[in-house]
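Please read the structure below before turning to the comments.
The values are calculated or read from the model by the stated rules, or taken from the named source; none is laboratory data. Computed from a predicted structure; not experimentally measured. All Cβ positions, even for glycine, are placed from backbone atoms using ideal geometry, and neighbour counts span all protein chains on display. When the accessible area is computed, the model is the full protein with side chains, heavy atoms only, and any ligands, DNA or RNA have been set aside. Shrake-Rupley method; radii C 1.70, N 1.55, O 1.52, S 1.80 Å.
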Amino acid sequence: MNDNRNHAFPLTQSHEPASFSIPSGAKKVIETLEQAGFEAFLVGGCVRDMVLGRPPKDWDITTSAKPEEVKQLFRHTVDTGLKHGTVTVMIHREGFEVTTYRVDGEYGDGRHPDHVEFTSSLEEDLKRRDFTVNAMAYSPSVGIIDLFGGQDDLKKEVIRCVGEPRERFGEDALRILRALRFSAKLDFSIAPDTRLAIAELAGTLKKISRERIRTELDLLLTSDHPERLRDAWELGVTKEVLPEFDEMMATPQNNPHHFTNVGEHTLIVVGAIGSRRSSPSTFGICSSDVSNVPTDSGGAANVASGNSSAGISNSSSDGLSDGISLRILRWAALLHDVGKPVTRTTDAEGVDHFYDHARVGAEMAERILRDLKFDNQTIRLVTQLIAVHSDMPAENLKSVRKSVAKIGRDLYPYFLALKAADAAGKAAPYAEKGLAYVSALRALFEQVVAANACLTIKDLAVSGRDLMETGIPAGPGLGQTLNRLLDYVIENPEANERESLLSLVRNKSI
């Protein structure tokens, strides 16, 4: 049996091992493998997060044991990826991925290794990893194994490739986006040689599937620093994965309302999503889940309840840390002005205008999101928000009722959140005027919700069956009458009483 306390690894520690709190299941997996004579370490992101003092989300384990040897040691295992040496060990119904030390073969397609070889060397396994901050290992008995300066790079707040950057990106071009994503997630800079390699090899992202690109863009956009998308533009990455953003960066806005081009304005708006002034939670959204929400009769997705009885997954004080709400709003913010480059006109005074850019942008956004293989619900919600983001209802209850009826009671807080973020990206004094306007709309919206106003046909005090009993036959005419009644009730909410509405129909007053 090996004594795993006497490894010949260079041991560098920023914390005493005892200060790391790891799940009992992960500790049991490591101890069981060590007691059987194998090496076993936590590896990758969980070690990085522990060094940073952050709670890890995943607990990946690497070991010198072969997959079949791992399976012999544990009662409950799942063959997650035997080809690549990965077995999931179940401890008290919690799964821990255990992967054999390996060396990757050539990357013929620039995406996946043609083959992998198992190795007994932890160093060889760590050498194949992408960035120094992700190439550290840890076990309670040994401590931190840091062969490539990951801890130093964490202190310096820099993302740097393990070894030669061109080799790492040549093995898998998706690592280009991963570098940008980790830079945004950690608010780190990217090392000069790593940046240079990204710029040189950005074109190789053409080899990567749109699904994998979508995942990395999603993670970057929902990070605490989505403005790092500017780095992607500077390094030529958006040219390959989101060329519409390059068009936005090249489109000026010679207009008193703006002080930047379309792209820079967009980055400000994206970054404003999640602030207290633009958060949907500010407009009455509480936490819940949005995985199976229906679509209401007005066509707006049932995203969250305007009276806070339901909503979208949240976890921070502003309600927008990592839930679906943040994802939907950040993508809506990113693409809200995507139609401006193609709708830009300049008048005789040299002032730019972007007529109909919301409608055109919604159509373009749908194509972009479908190309990135987004789910239908995300596409629907994002494009609906883009289509209405320029709406400007008057500051009175009647106009806001009409606006809520059009957009949907449940989507309305997100409409307000996007408008607040959009206002934040405008020139002074238009920014403050815009935020004051959104606050006024919010107050009116809250009154509409509190009054339980009739906003959809299903809210009417009469039904289609009631109208048929008055002699109106089933068919298009029935629906048209219901719509006229709804328009009347939105204008006159006190009129939503069964007998009053039936009287209007009988007297042909509507």
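Worth a mention:
- Filtered residue count, the stretch 93-106, keeping only those that are open to solvent by 70 Å² or more (accessible area, probe 1.4 Å) and out of contact with any helix residue (DSSP H, G or I) (no Cβ under 6 Å at 6 or more places or on another chain): 3
- Only helices (runs of 4 or more DSSP H) whose full extent lies in the stretch 159-260 are considered here, and the ones with at least 3 residues that are farther than 30 Å from Tyr355 by Cβ, of a type outside the set (A, V, I, L, M) and more than 24 Å from the chain's Cα centre (by Cα) are 165-171, 192-201.
- The residue that is farthest from Ala365 (Cα to Cα), among those in the stretch 333-347 that are of a type outside the set (Ser, Thr, Tyr) and open to solvent by 20 Å² or more (accessible area, probe 1.4 Å), is Asp347.
- Restricting the stretch 71-92 to residues that are open to solvent by less than 60 Å² (accessible area, probe 1.4 Å), of a type in the set (A, V, I, L, M, F, W, C) and part of a strand (DSSP E or B), the residue that is nearest to Arg128 (Cα to Cα): Val87
- Complete set of residues in the stretch 55-70 that are surrounded by fewer than 18 Cβ atoms within 10 Å (Cβ to Cβ) and either basic (Lys, Arg) or part of a helix (DSSP H, G or I) (or both): Lys57, Lys66, Glu68, Glu69
- Filtering the stretch 190-202 for residues that are surrounded by fewer than 20 Cβ atoms within 10 Å (Cβ to Cβ) and over 24 Å from Asn134 (Cβ atoms) leaves an empty set.
- Restricting attention to the stretch 155-206, the residues that are among the β-branched types (Val, Ile, Thr) and over 16 Å from Val237 (Cβ atoms) total 2.
- Index of the failed condition, Thr204 passing every other in (1) in contact with a Lys or Arg (Cβ under 6 Å, 6 or more places away or on another chain); (2) more than 29 Å from Glu31 (Cα to Cα): (1)
- Residues that are among the hydroxyl-bearing types (Ser, Thr, Tyr), open to solvent by 20 Å² or more (accessible area, probe 1.4 Å) and touching a residue at least 40 places away in the same chain (Cβ under 8 Å), drawn from the stretch 210-243: Thr222
- Listed conditions (1) polar (S, T, N, Q); (2) more than 25 Å from Pro243 (Cβ to Cβ); (3) touching a Pro at 6+ places or on another chain (Cβ under 8 Å) are all met by Thr194, apart from (2).
- Unique residue being open to solvent by less than 20 Å² (accessible area, probe 1.4 Å), in contact (Cβ under 8 Å) with a residue 12 or more places away in the chain, in contact with a Phe, Trp or Tyr (Cβ under 9 Å, 6 or more places away or on another chain) and of a type outside the set (Lys, Arg) when the list is Ala358, Ala365: Ala365
- Residues satisfying the stated conditions in the stretch 20-38, i.e. more than 37 Å from the chain's Cα centre (by Cα), crowded, with 17+ Cβ neighbours inside 10 Å and part of a loop (DSSP other than H, G, I, E, B): Phe38
- Enumeration of residues in the stretch 117-157 that are open to solvent by 20 Å² or more (accessible area, probe 1.4 Å) and in a strand (DSSP E or B): Glu117, Phe118
- Considering the conditions (1) in a helix (DSSP H, G or I); (2) surrounded by fewer than 22 Cβ atoms within 10 Å (Cβ to Cβ), Ala405 is excluded by exactly one of them, (2).
- Sole residue being modelled with pLDDT of 95 or more and farther than 16 Å from Val338 by Cβ, chosen from Leu444, Leu418, Leu369: Leu444
- Selection count where residues are of a type in the set (Val, Ile, Thr) and within 17 Å of Ile208 (Cβ to Cβ), scope the stretch 147-176: 1
- Residue in the stretch 27-42 that is modelled with pLDDT of 95 or more and under 23 Å from Glu157 (Cβ atoms) present: yes
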